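Notes follow once the structure below has been shown.
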Amino acid sequence: MSEAGGENTQAPPVDTRAIVAVIKTVAWYNSFVVPYKAFADALEEQADDYDDFSSLEAEFFAAAFGGKLDYIYGVHLENMLADDDLIVVSPILLDEWRVRMLKDIGELFDYKFYGLEDDETPETLADVQKRIRLINIIINTLIRKWTHEATGHDNATPAVAVYMIAKRYGLDVSEVQNNAQGEEGSGNGVGGDE
């Protein structure tokens, strides 16, 4: 079962700048699901130079997609570039079954909408964006559902997930809250907490 809480502080298995980049990206999108590219852009702002960025990114990518981070999960979209992958955050720790479900949902990206698979018309960018949006809605909804099941509370928000991440990795929660509030944005339409 998923663990709610997470009172134990621990050093992150990645550079703290990567955790801060996740927090800023989640605050901007106000979603449990954020595009990997947006995270990478935020991480690049934290890096000293390109070599530092490359090292930080490789370390984070291995940890997020390898299941080594608490509350932060990498989800690959099939047949897409790594920049098109997703970062998912959760206010609770997800067990292996739930992480596998997130990955299965990400693999749905590789399929056309049901009923359109025999359509001879090539997919448009709008079709691809609809599929990504649908995947985001499904994942956002599942994170809310799982959090409610684990805690009994209906307070599952990206802000709570950010708080749990900051707390787990020993970041100054009040500083993170101030940074997150200053960074909140529209999300440019990709994520969006549904």
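The values are calculated or read from the model by the stated rules, or taken from the named source; none is laboratory data. Computed from a prediction, not measured in an experiment: that's the story for all the values here. So basically every Cβ, Gly included, is an ideal-geometry build from the backbone, and we count neighbours across all protein chains shown.
Assorted remarks:
- Selected residue (criterion: surrounded by the fewest Cβ atoms within 10 Å (Cβ to Cβ)) from residues of segment 45-70 that are of a type in the set (Asp, Glu), under 19 Å from the mean Cα position of the chain (by Cα) and in a helix (DSSP H, G or I): GLU45
- Residues (surrounded by fewer than 16 Cβ atoms within 10 Å (Cβ to Cβ) and not hydroxyl-bearing (Ser, Thr, Tyr)) located in segment 139-176: LYS145, HIS148, GLU149, GLY152, HIS153, ASP154, ASN155, GLY170, ASP172, VAL173, GLU175
One line per residue, one yes/no per condition, for (1) in contact with a Leu (Cβ under 6 Å, 6 or more places away or on another chain); (2) closer than 23 Å to LYS103 by Cβ; (3) at pLDDT below 95:
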| position | (1), (2), (3) |
| --- | --- |
| GLU7 | no, no, yes |
| ALA27 | no, no, yes |
| PRO35 | no, yes, yes |
| ASP84 | yes, yes, yes |
| VAL89 | no, yes, no |
